[in-house]
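Visitor: Below are the structure tokens for one structure; questions will follow.
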Amino acid sequence: MIPKISFIVAVYKVADYIEECMRSLCRQTLRDIEIVAVDDCSPDDCMDKLKSVVDEFPERKDQVKLIRHTRNMGLPFARRDGFAAATGEYVIFVDGDDYVDERMAELMYEKAIQTGADQVVCDFYKDYGESKLQGTIVKGEIGEKGKRIDDAILDCQSAPYVWLKAIRRDLFFDHIFMWPTQGMGEDTVISSQVSYYSRLTAHLPIPLYFYRQSNNSFCRTKSKDWAMVQYHQFRENVLTYLYFLEREGILNKYRHGVVTKKYYTKIFLFPYLDSKEMRKLWLNTFPEINLKLIFGCSYYHPTVKERMRTLTLCLHIYPIVKWLDTIIGNNRKK
């Protein structure tokens, strides 16, 4: 029997959280599921803990697939290989340090069947440990009344999170689908294609995914060197996103998204603009948007801070202005 939902779990350095994650999946109220866990060569004991949780649910054992990478390949490849092993009608991506509502599979699948949607988007909680903040990426009407959520994702006016979606698996095979090759910003590559190809997107206004805000996430910046790694990874995925828009002939339709993603690439360099080398890299990273960041345009409206920062960088007076700003700020504190 084909599972109704396949959960695809990326596992890497999540020993403190994987048990809660797996229990939330094994306790799903929907019987017809499968869980594909991909160990991305994690150096800790998270897979031992994962297997221990599975032992607590003997009725789920045959529904769990374990895949191990022989070397660390990164989140995109963990998701890709997990997807390749999945057989469900719909797939839901889960990060190993997060967890889900026990009704997630049942409610998402029910919504998909009722509406005939290619993807169902639920709401979520950001879990800060001591508190939880509810969130949604849906703004305006969607589904049969319009594709606003899909357009918003493609135009970077809504977060491209992959993990709050149940996506019809065949959608990936019905089109020429490109998997991201880099970890930072890889959700954009996947979500853009899914949103563009989805004939119908449905919204389930219930928070079913718990996105843990921890230091063990795949995308935490820890140093300048790691920030540079993230910069290059994000830039590579932005180029893939741009190639996809160009390939489909929609580059001009989503101009706001194009400028936004290019600007987001520059943001990784912000903490290090004291360095002449970094200022040069900032200016030469998608330099075609620099004037838009100063003057704005009909589809992109930079903040005053963005305008002034870009102007001072383009005029090569950023260090002087920052020095003066520091002096003024110190005087105000006296």
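Visitor: Heads up, I need the accessible area for Cys122: 1.4 angstrom probe, whole protein in place, Å², nearest 10.
Guide: 0
Visitor: While we're on this one: What are the equivalent ellipsoid semi-axes of segment 1-86, built from the alpha-carbon gyration tensor (square roots of five times its eigenvalues), in whole angstrom, biggest first?
Guide: Details: eigenvalues 81, 49, 18 Å².
The three semi-axes for segment 1-86 are 20, 16, 9 Å.
Visitor: Something else now. Over segment 228-308, one equal point on each Cα, no solvent: what is log10 I(q)/I(0) by the Debye formula at q = 0.13, 0.16, 0.23 Å⁻¹?
Guide: Taking Cα atoms of segment 228-308 as identical point scatterers yields -0.42, -0.63, -1.17.
Visitor: Right, another one. Grab the Cα-Cα distance for Glu20 and His232, subtract it from 0.36 nm times how many residues apart they are, and report the gain in nm with one decimal.
Guide: 73.0 nm
Visitor: Right, here's the next one. Count the net charge of all other residues whose Cβ sits under 10 Å from the Cβ of Thr87, scoring Lys and Arg as +1 and Asp and Glu as -1. Don't jump to the answer; show the numbers that get you there.
Guide: Details: positive: Lys65, Arg169; negative: Glu34, Glu89.
After counting each charged neighbour, the total is 0.
Visitor: Oh, and also: Note down the accessible area of Asp127, probe 1.4 Å, to the nearest 10 Å².
Guide: 10
Visitor: Might you report the magnitude of the Cβ-based charge dipole of segment 43-85 about its Cα centre, with Lys and Arg at +1 and Asp and Glu at -1, to the nearest 20 debye? Walk me through the numbers before you get to the answer.
Guide: On the way: 9 positive and 8 negative charges, 60 e Å.
Dipole size: approximately 280 debye.
Visitor: Using θ = phi - 60° and the Karplus form 6.51 cos²θ - 1.76 cosθ + 1.60, what ³J(HN,Hα) does each residue of segment 81-93 get, whole Hz, x for Gly and Pro?
Guide: 5, x, 4, 4, 8, 6, 10, x, 5, 10, 10, 10, 8
Visitor: So with the 1.4 Å probe, I'd like the accessible area per residue for segment 160-314, rounded to whole Å².
Guide: 46
Visitor: Could you tell me which of Gln193, His203, Phe244 has its Cα farthest along the dipole of segment 157-272 towards the positive end, charges placed at Cβ (Lys, Arg +1; Asp, Glu -1), taken about the Cα centre?
Guide: His203
Visitor: Now a separate question. Just want the answer: with Cβ charges of +1 for Lys and Arg and -1 for Asp and Glu, which residue in Phe83, Val100, Gln63 is farthest toward the dipole's positive end in segment 63-102?
Guide: Phe83
Visitor: I want to check the label-to-label distance for Met178 and Phe295. Put each point 7 Å from Cα in the C-beta direction and report it in nm to one decimal.
Guide: 3.0
Visitor: Run lengths n ≥ 4 of DSSP H only: what is the helix-derived mean residue ellipticity at 222 nm for the chain, with -39500 (n - 2.57) per run over all residues, to the nearest 500?
Guide: -13000 deg cm²/dmol
Visitor: Could you give the dipole magnitude of segment 1-123 about its Cα centre, charging the beta-carbon of Lys and Arg +1 and that of Asp and Glu -1, in debye to the nearest 20?
Guide: Its charge dipole is roughly 380 debye.
Visitor: Cα-based Rg of segment 54-194 per 2.2 N^0.38 Å, rounded to two decimals?
Guide: 1.10
Visitor: Starting from the Kirkwood radius over alpha-carbon pairs of the chain, derive D by Stokes-Einstein at 10 °C in a medium of 1.306 mPa s and give it in µm² s⁻¹.
Guide: Translational D for this selection: 74 µm²/s.
Visitor: Oh, and also: Students often forget the sequence filter, so: which aspartates and glutamates lie under 17 Å Cα-Cα from Lys111 once same-chain residues fewer than 8 apart are removed?
Guide: Filter leaves Asp32, Glu89, Asp101, Glu102, Asp123, Glu141, Glu144.
Visitor: Okay, next question. Mind checking which aspartates and glutamates have their Cα closer than 16 Å to the Cα of Lys280? Skip sequence neighbours fewer than 8 apart in that chain.
Guide: Qualifying aspartates and glutamates at Cα under 16 Å: Glu288.
Visitor: Moving on. Where Lys and Arg each count +1 and Asp and Glu each count -1, what net charge lies around Leu281 among other residues with Cβ under 11 Å from its Cβ?
Guide: Charge balance in the 11 Å sphere: +4.
Visitor: Right, next: Can you flag which of Lys253/Lys292; Lys65/Lys126; Lys224/Lys266 are past 22 Å Cα-Cα?
Guide: From Lys253/Lys292; Lys65/Lys126; Lys224/Lys266, over 22 Å: Lys65/Lys126.
Visitor: Specify the angular offset, from 0 to 90 degrees and rounded to the nearest 10, of the alpha carbon long axis of helix 224-247 from the longest principal axis of the alpha carbons in the chain.
Guide: Value to nearest ten degrees: 80.
Visitor: Moving on. Helix 304-314 sits at what angle to the longest principal axis of the chain, using alpha carbons and giving 0 to 90 degrees rounded to 10?
Guide: Between helix and principal axis, roughly 60 degrees.
Visitor: Pick from Phe172, Phe57, Phe124 the residue whose mean-square fluctuation is largest in a GNM of the chain, springs joining Cα atoms under 10 Å.
Guide: So, out of Phe172, Phe57, Phe124, the one fluctuating most is Phe57.
Visitor: Okay, next question. Once you have the Cα-Cα distance between Asp225 and Ser52, take 0.36 nm times their residue separation minus that, and quote the gain in nm to one decimal.
Guide: Values: separation 173, 0.36 × 173 = 62.28 nm, distance 3.64 nm.
Contour length minus Cα-Cα distance gives 58.6 nm.
Visitor: Suppose we keep just the DSSP beta bridges with both residues in the chain; what percent of those would be antiparallel, to 5?
Guide: 30
Visitor: Of the options Leu25, Tyr128, Val304, report the single residue whose Cα projects farthest towards the positive end of the charge dipole of the chain (beta-carbon charges: Lys, Arg +1; Asp, Glu -1).
Guide: It is Val304.
Visitor: With +1 on each Lys and Arg Cβ and -1 on each Asp and Glu Cβ, and nothing else charged, work out how big the dipole of the chain is about its Cα centre, in Debye to the nearest 20.
Guide: 1740
Visitor: Let me ask something additional. For a quick protection proxy, order the peptides 159-165, 189-195 by their average other-Cβ count within 10 Å, most packed first.
Guide: Top to bottom by mean Cβ count within 10 Å: 189-195, 159-165.
The values are calculated or read from the model by the stated rules, or taken from the named source; none is laboratory data. Model, not experiment: these values are computed from the prediction. Here Cβ is always computed from backbone atoms with ideal geometry, including for glycine, and neighbour counts include all displayed protein chains. Surface accessibility is based on the protein's heavy atoms, side chains included, excluding ligands, DNA and RNA. Shrake-Rupley method; radii C 1.70, N 1.55, O 1.52, S 1.80 Å.
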